[in-house]
Amino acid sequence: MYSEKVMEHFASPRNMGEIADANAIGQVGNVKCGDIMKIYMKINDDTKVIEDVKFKTFGCGAAIATSSMATELVMGKTIDEALALTNFAVADALDGLPPAKMHCSNLAQEAIQSAIADYYKRKGIDPVGIVGCSGDCHECHGNSHE
């Protein structure tokens, strides 16, 4: 059973769409369930604050809800604050997810990390020491986040 917050974020997702001049884009997917999340960010180069964030998700209601919530949780935050976001924080902000849908919160966290890794790569900086991954999900996981 889904919480009211999950249903609300599924029915009326926040921050859905693309950012034309995004300077950070991350995409992750789960081969088993078919969910794909793409996160677009506009990060201020001086303050490292996420000034805008949007998403496009192909997937189930939980995938859409976790994408929506994750964007709300990182909007206006610094890169370091966004990197501290966990899948559990996303799920908690939605008043929980069924155990079979927790992988959606993992995808949301990983999509944020992937976008931030992309930001650093665009700056010519190896993101692994900062983000913990390269942002190339296919490279790390064969594009099969589980």
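The values are calculated or read from the model by the stated rules, or taken from the named source; none is laboratory data. Values in this document were obtained by computation on a predicted structure and should not be read as measured data. Note that we place each Cβ from the backbone using ideal geometry, even for glycine, and neighbour counts take in every protein chain shown. Accessible surface is based on the protein model in full, side chains and every heavy atom, while ligands, DNA and RNA are left aside. Shrake-Rupley method; radii C 1.70, N 1.55, O 1.52, S 1.80 Å.
The table for this structure:
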item	result
Highest average packing first - 22-29, 64-71, 88-95, Cβ atoms within 10 Å	64-71, 22-29, 88-95
GluC sites (Glu not before Pro) restricted to segment 1-70 and DSSP loop, no more than 12 other C-beta within 10 Å	E18
Count of lysine pairs in segment 1-67 with Cα separation under 22 Å (8 or more residues apart, or interchain)	9
Surface per residue (accessible, 1.4 Å probe) for segment 13-146, Å²	45 Å²
GNM top mover of G76, G61, G34 - the chain, alpha-carbon springs below 10 Å	G34
Two-decimal Rg to Rh for segment 7-146 - Kirkwood Rh, Cα set	0.94
Cut-off of 10 Å, at most 13 other beta carbons, DSSP loop: longest stretch of the chain lacking such trypsin sites (Lys or Arg not before Pro)	33-122
